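The values are calculated or read from the model by the stated rules, or taken from the named source; none is laboratory data. All of these numbers come straight from a predicted model, not from anything done at the bench. Heads up, the Cβs are rebuilt from the backbone with ideal geometry, glycines too, and the neighbour counts pull from every protein chain shown.
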């Protein structure tokens, strides 16, 4: 996930705080020492408690694929190990206007694309069939909500009036332009309940509210 690191127009410097909350990284800011939750971008301790950073749209893709599209890109060259996280173990979290839904990646992959509404925003959530790539798009086109389905590397509207690249939302045919990329992040389903105790899980049969723990 990617957050905008400014508060009221003033940038802040964040570092790894070293502890976990909800089985996820926490940060501290150098300015006040407040502790922040990485997934939700919210200060959970300290003078800035309750302050939330804006979550920005981002993408997860192979480095080779990204480099082919953006050959001018520079990247941090640092020693690293392969991630132990598998997307199949996680859910894609979408939140708008205080409403949140977790979309288990295995269910999304099986469906191809999930058409849903979160906080009044019409969204389409999709997962690549052969990689850990995933995306969240707006399915509002020219002020109208469209239903999308997936065919290979493409998304198509069920009314047959448009085709888009399933990874980037770029329009391939039709009218209305590209699909807007929306913010989201991945979380282990069990940890999602810590961040969003009033949230819900998407299932093929419908939304299932989070069951409080403790």
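Scanning the range 88-106 for residues being farther than 22 Å from residue 2 by Cβ and either under 14 Å from the mean Cα position of the chain (by Cα) or at pLDDT 95 or above (or both) gives a total of 1.
For the range 46-63, what are the residues that are modelled with pLDDT of 80 or more, on the phi < 0 side of the Ramachandran plot and assigned to a loop (DSSP other than H, G, I, E, B)? Matches in the range 46-63: 47, 48, 49, 51, 53, 57, 58.
Looking only at residues of the range 173-197 that are part of a loop (DSSP other than H, G, I, E, B) and free of Cβ contacts under 8 Å to residues at least 24 places away in the same chain, we find that the one that is farthest from residue 66 (Cα to Cα) is 197. Against the numbered list (1) assigned to a strand (DSSP E or B); (2) within 17 Å of residue 106 (Cβ to Cβ); (3) touching a residue at least 12 places away in the same chain (Cβ under 8 Å), residue 208 comes up short only at (3). Can you name the residue in the range 64-96 that is touching a helix residue (DSSP H, G or I) at 6+ places or on another chain (Cβ under 7 Å) and assigned to a loop (DSSP other than H, G, I, E, B) and, of all such residues, is farthest from residue 186 (Cα to Cα)? Per the criteria, the residue is 73.
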